[in-house]
Amino acid sequence: MDTLNQVLLYPAFQLGADLEGWLAAGGGQGLIAALAEPAAIIPTLREADLRGMGGAGFPTWRKWQAAAEAPGAGKFVVCNGNEDEPGTFKDRHLLRWTPHAVVEGGLIAALATGAAHLVLYINPHQAAAVAEMRRAVAQWQASPWLARMERALGHPLDIAVVETSGRYIGGEETAVISWLDGHFPFPRRKPPFPAQSGVGRAPTLINNTETLAHVPHILRHGAAWYRALGIGAAAGTKLYSLSGDVMRPGLYELPMGTSLQELIFVHGGGMLEGRDFKAVFTGGPSNTLLTKRDLDVALDFDSVRARRSRLGTGAMIVISEGTSIIRKVAEYIAFFAAGSCGQCPSCKAGTFQLARLLDRIDGGRGTAEDLQALESLCRILPGSGRCGLIDGAVTVVESSLHTFPDEYAATR
Amino acid sequence: MRAIPATRGPRGAPPPPPPLAALLQSNALLDDAALAGATPLRADVLVLGGGGAGAAAALAAAGAGRQVILATKLRMGDSNTVMAEGGIQAAIGPEDSLQHHFDDTLRGGHNSADPHLVKQLVTDGPAVIRWLIGLGMHFDLEKEAGLGARLLRKKAGGTTVPRILSHRDVTGLEMMRVLREAVELHPRITVMNRCPAVELLSDDAGACVGAVLYDLEHRRFLLLRSPAVILATGGSGRLHLGGFPTSNHYGATADGLVLAYRMGARLRDLDSFQYHPTGVAWPAPLAGGLISEAVRSAGAWLVNGHGQRFVDELLARDIVAAAILREIAEGRGVTRGGRVGVFLDTPGLLARQPDLLETRLTGLKHLAHKAGFDPRREPFLVAPTLHYQNGGAVIDPQGETTIPGLYAAGEVSGGVHGRNRLMGNALLEIISFGRRAGAHAAARPVAAYSRGGIEHVHRWQRALAAAGLPRAPRAPLLYPDYAPFSLRQHAAA
Ligand SMILES: Cc1cc2nc3c(=O)[nH]c(=O)nc-3n(C[C@H](O)[C@H](O)[C@H](O)COP(=O)(O)OP(=O)(O)OC[C@H]3O[C@@H](n4cnc5c(N)ncnc54)[C@H](O)[C@@H]3O)c2cc1C
Ligand SMILES: Cc1cc2nc3c(=O)[nH]c(=O)nc-3n(C[C@H](O)[C@H](O)[C@H](O)COP(=O)(O)O)c2cc1C
């Protein structure tokens, strides 16, 4: 593949826990720039238009600024590496192969917010990622960099690798806080936002792994360079987890704003067995389906939103003609039902009922009443949970009902 | 064989014969469209194959309290098992021992069998016989019948001690009789006839979580989810490798190998087949059919065109078969009605022991009757026939393949016999390993029903494309190629 625009996946950076190698390849430069002028960090990210890669695409600089301005000592920076949903497989790669980029991004975040703790929060199901990150962190701790960081911060900096609960829900940011506070990873209502009151009530900045991995490169090369990597108004590069009925599924780093068409037919080698393209579930998979009409969509946060869907984590699960949409939706809803923490009755019972109804419909045992029940659940459930899980689940179901009514027609 | 990653078989292992390699490398029969309309079903344990191994596995799993579905391509019992004539080995004689049986089996397999599996096989022997008797199977007894009569033991080719137990020369038929009865009467076993497996189902972690069946009668696909699947689909004689005739039943088309391999299971000894030395060459209507080794065990000689015996008839099968092929190749064969072979001297045998035909060789009697000739007066012409698939899916002593959730038992598995099988060890294997696989599969956690899909097929199709291999040929074959059957056309009709 074309390595010209690769930053995160640039071959020379795929080193694993090798701090020497990382520094020799140009790593550390971003941190040096940050140490030289800490006050410029947040404006640079703003200028670069870095967005949250954990799914929401929220401007990163705003979160950093909120955490920086929040009063309180012992602040936390958390790298969210819980990655667990179907179709997304980018963070595990970064944690395993470029752990130093991630840690360096975390150190820069600590510097920008004045944090005393950097936590690498990693899903234990990805054992290789946990082990590699442990080695990488030990290397930073044994290096002169830590002392330089602490001098600049004016207080000690603790770096820890923490295994998550391994549950999907544990990736939601308030659940992250709950787990780090020693409790079951139950999400809670916001506000207060983590930046106001997070781990141990201290201001907490939580970023996705990919978000942090971009940071050292931006600080090293500058905001203008980063912006230029994107297509059109979009900035930088994005990791796309491509899976489903394509010839070459895999992890691709492409300019933010690459078209869906190009991702599937150029990079992904086209459709499996030459079948016809039908739809894409974006990761997730808790968003509105993209269909044939959307093949031209630019895969950046704003353009996808303009099509009433979401880029999400950049996961693209491609479905071909002949594959049942209901079956796929049923599969994902079963995942959400298993992943619901059970705190909010509407989510616990709602996801369970959605899954049960879809299973019946998929199996040809559904009745017209089942379908009605499904539709009315889609109206009642949104907004009823503390976190976004139930909303995401409903969005996929609703979107499939709306976009592929024919598939449900047999039940009607 | 390039497309097949070398890690799947021992490095440097000889490739399977080209027709089998082509099947293993072919594309799947179905695609996602077939799944979309499929009827979903569930079982705790799914058994594929209605021969002896499948029946034993189903009984063991159901005995452990599981709900079992046994799906078979033809009807329950249509199999190589019913055709087995000679008998079954088990070390029960006073001068015999497990060690003798172990040593004979390893030596017979030219020391290429997996000793852990052989150990399991021979140790299970006596218990297997007891179990079969418990199901109601009859074995021949020694002369002095009545209370306390002992089981009659015969000597098989390649063994040091008489160890073959039999029911006349229709042992497999008798065995299948009791197995079928037990299976069909068991309240926790559902038998699905004429429902061949056309693909396995995999989960995200690559475990086997069910199979796709094709219901021939209703022309529909069934999506059978199950946390454990036992392959008991038998062998591959109907591929007629090397142009040989075969002794095998109609359903022996290597389906299990194809399905397991596509899923990524390791296979072994795929280049190794057993040619039964005494397949019928003449009379023509019986060609390919088998004359039981029992006939040689009873003392019949092999005689070439010069009227000479040329081999010890009771040596291991591969040696006897090779000797016959050598006689033929060197011009000492006999030609009749355009077919070449050597004589199996039944007139000589029956002159020495006139009552044999009525007592121990009833199968031979029927065979001769079918061809309308008298084995007392005329000898059969025999030549090697493709008989047994020595290799197959690699299994551990519990019958599990290298794919979690996928078990294999019987002729579809490999390693128990190595590169050559002794007579009577296959019937022992199907019960021993069938029951083991059934019991072990029953112990898999039931709660973990996964939805299951065919992502492994997609991976496979990508690999085919990457290797530049054709994607038009499709497998499993299901039926021999001289009985053309197109699943797609059938399903579309
Ligand atoms: C003529 C003959 C004589 C023999 N004599 C002896 C002997 O004396 N002693 C001895 O030990 N061994 C003997 N053998 C070998 C022995 O009989 C077999 O190896 C053994 O019975 C195989 O049992 P199995 O259960 O593994 O397979 P089989 O009994 O062949 O059963 C396989 C089953 O799987 C089904 N099947 C196939 N494909 C599919 C699919 N895609 N989906 C679902 N079901 C499928 C078939 O329809 C069949 O029901 C003999 C074999 C033959 C052919
Ligand atoms: C149910 C649920 C699960 C989530 N799981 C993850 C996750 O595994 N990793 C992640 O980075 N963000 C996850 N998020 C999003 C986080 O709440 C949060 O928005 C993100 O970590 C912020 O990082 P970013 O701004 O860098 O994207 C999840 C959100 C929800 C509602």
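Computed as a quarter of the hull surface, the mean projected area of the alpha carbon convex hull for segment A:11-228 stands at 10.9 nm². Straight-line cross-link reach from B:K143 at under 28 Å between alpha-carbon atoms covers these lysines, not counting any fewer than eight positions away in the same chain: B:K154, B:K155, B:K365. Per-residue shielding of A:243-249, expressed as the average number of other chain Cβ atoms within 10 Å of the residue Cβ, stands at 3.
The Rg/Rh ratio of segment A:237-320, with Rg taken over Cα atoms and Rh as the Kirkwood radius over Cα pairs, comes to 0.91.
A Cβ-based charge dipole, computed about the Cα centre of segment A:325-409 with Lys and Arg at +1 and Asp and Glu at -1, lands at about 300 debye. When only alpha carbons are used to place a centre, segment A:327-345 and segment B:41-56 end up 32 Å from one another. Once both axes come from the Cα atoms, what is the angle between helix B:425-442 and the longest principal axis of chain B, in degrees from 0 to 90, rounded to 10? Helix B:425-442 sits roughly 20 degrees off the main axis of chain B.
What you get for chain B, charging only the Cβ of Lys and Arg (+1) and of Asp and Glu (-1), is a dipole of about 580 debye around the Cα centre. Please work out, to two decimal places, the log10 of the ratio I(q)/I(0) at q = 0.10 Å⁻¹ from a Debye calculation in which every Cα of segment A:325-409 carries one identical scatterer. Log10 I(q)/I(0), no solvent term: -0.20. By its C-alpha gyration tensor, with a ≥ b ≥ c as the square roots of the eigenvalues, how is segment B:58-153 shaped: rounded for a/c under 1.5, else prolate for a/b larger than b/c, else oblate? Since a/c reaches 1.5 but b/c is at least a/b, the shape of segment B:58-153 is classed as oblate. Evaluated at q = 0.07 Å⁻¹, the base-10 log of the normalised Debye intensity for chain A, with identical point scatterers placed on the Cα atoms, takes the values -0.33. Taking only the C-alpha atoms of segment B:276-387, the Rg (one decimal) and the largest Cα-Cα distance, Dmax (whole number), read 12.6, 37 Å.
Relative to the longest principal axis of the Cα atoms of chain A, helix A:144-153 runs at roughly 90 degrees. For segment B:359-367, 3J(HN,Hα) computed residue by residue from phi via the Karplus equation (6.51, -1.76, 1.60; θ = phi - 60°) reads 9, 9, 10, 5, x, 5, 4, 4, 4 Hz, glycine and proline entered as x.
What does the charge count around A:E210 come to, taking other residues whose C-beta lies under 9 Å from its C-beta (Lys +1, Arg +1, Asp -1, Glu -1)? Net local charge, A:E210 excluded: +1. Positive contributions from Lys and Arg (+1) and negative ones from Asp and Glu (-1), summed over other residues with Cβ under 14 Å from the Cβ of B:Y388, come out at -3.
Straight-distance candidates among the lysines for linking to A:K75, with alpha-carbon spacing under 19 Å and chain neighbours fewer than 8 residues away dropped: A:K63, A:K190.
By its C-alpha gyration tensor, with a ≥ b ≥ c as the square roots of the eigenvalues, how is segment A:194-334 shaped: rounded for a/c under 1.5, else prolate for a/b larger than b/c, else oblate? In terms of gyration-tensor shape, oblate.
Taken residue by residue and averaged, Cβ atoms of other chains lying within 10 Å of the Cβ of A:326-335 number 2. Taking Cβ separations below 4.7 Å as the criterion for a possible disulfide partner, the isolated cysteines in the protein assembly as shown are A:C79, A:C341, A:C378, A:C387, B:C195, B:C208.
The angle between the Cα long axis of helix B:171-185 and the longest principal axis of the Cα atoms of chain B comes to about 30 degrees, rounded to the nearest 10.
Using the average count of surrounding beta-carbon atoms within 10 Å as a protection proxy, the listed peptides B:319-328, A:148-157, A:268-277 rank, highest first, as B:319-328, A:268-277, A:148-157.
When the inverse distances between all different Cα atoms of segment B:74-114 are averaged and flipped, the Kirkwood radius reads 12.6 angstrom. Residues whose amide H lies under 5 Å from that of B:G210, counting only those 5 or more places away or on a different chain, are B:L201, B:S226; hydrogens are built 1.01 Å from N in the peptide plane.
Report the net charge of residues surrounding B:A443, where surrounding means a beta-carbon distance below 12 angstrom and charges are Lys +1, Arg +1, Asp -1, Glu -1. Around B:A443, the charge tally is +1.
Straight-line cross-link reach from B:K119 at under 17 Å between alpha-carbon atoms covers these aspartates and glutamates, not counting any fewer than eight positions away in the same chain: B:D96, B:D103, B:D104, B:D396, B:E400, B:E429.
When you count the other C-beta atoms within 10 angstrom of each residue and take the mean per peptide, A:381-390, B:134-143 line up highest first as A:381-390, B:134-143. Taking a ≥ b ≥ c as the square roots of the Cα gyration tensor eigenvalues, segment A:126-212 comes out oblate, since a/c reaches at least 1.5 and a/b does not exceed b/c.
Highest-first packing order for the peptide set B:55-68, A:43-56 is B:55-68, A:43-56, based on the mean count of other beta carbon atoms within 10 Å. Exposure proxy for B:M76, A:M133: other Cβ atoms within 10 Å of each Cβ, ordered fewest to most, give B:M76, A:M133. The calculated P(r) of chain B, using every Cα pair and 10 Å bins from 0, goes 4, 21, 31, 26, 14, 5, 0 in percent. Its residues counted as N, segment B:366-493 yields a C-alpha radius of gyration over 2.2 N^0.38 Å of 1.52.
According to the Kirkwood relation over distinct C-alpha pairs, the hydrodynamic radius of the protein assembly as shown is 31.0 Å.
Any read-out appearing in this document is the output of simple, stated calculations on the displayed coordinates, not a laboratory observation. This one's a predicted model, so the numbers in the text were calculated from it and none came from an experiment. Neighbour counts run over all protein chains shown; Cβ positions are idealised from the backbone, glycine included.
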